[in-house]
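Everything on this sheet refers to the single structure shown next.
Please treat every number below as a calculation from the coordinates, not as lab data. Worth saying up front: this structure is predicted, and the values here are computed from it rather than measured. Here the Cβ is made from the backbone with ideal geometry for all residues, glycine too, and neighbour counts use every protein chain on show.
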Amino acid sequence: MKEHALIEQVLRGNHKAYAELVRAYQARVLRLCTSLLDNETEAEDAAQEIFFKAYQSLASFRKESAFSTWLYRISVNHCRDLLRKRSRQKTESLEKLLEESGDAAEKLLIPPSDPRAAAEAADLVEQILSRLSLDERLILTLREVQGLSSQEIAGVLRCSLDAVKARLRRARETLDEHLRHFSGAGRV
């Protein structure tokens, strides 16, 4: 595989080969970080730190798994660390978000036709996702945003395929519950 050849080149001192790996995965790692951290600036910083950590640890990469799985594992662990540091900060409740969003939440169920409405809907979806637990947000991001298969997710999360399926089902149920809560807000 080309990735393994690039990794060998990096380990032999060819730092330009690592730039190719970064270019190949930069957008995916950034999307994962943005989804988990819910802050674009913090996600950009995290992505840079992740690639630096991966570079420093490249010699420990075992070629038994895909490079992407290994890189996602580093990403998930790094984002979890950042979220633990942030966990003491006060977060707004779902109810407060409902009050502030009014019937904008109900509009999520209808695809917006103009770009401004689409941006507002995307922002509201991000706010809803931020109310999910880290594990729920993580598994939904890996599956729905990153497009990883259940087997790939099992590798990233280091759990069984059955555990991935169960976690994904629970995360989707929780998300559906939050969306129902939002959609019912305008009808009260």
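Couple of notes before you dig in:
- Neighbour-count ranking [beta-carbon atoms within 10 angstrom, fewest first] of Thr174, Thr141: Thr174, Thr141
- Charge context of Glu3, other residues only, Cβ under 11 angstrom, K/R +1, D/E -1: 0
- Among the listed pairs Lys16/Lys63; Lys16/Lys85; Lys53/Lys165; Lys2/Lys53; Lys2/Lys165, those with a Cα-Cα distance over 23 Å are Lys16/Lys85; Lys53/Lys165; Lys2/Lys165.
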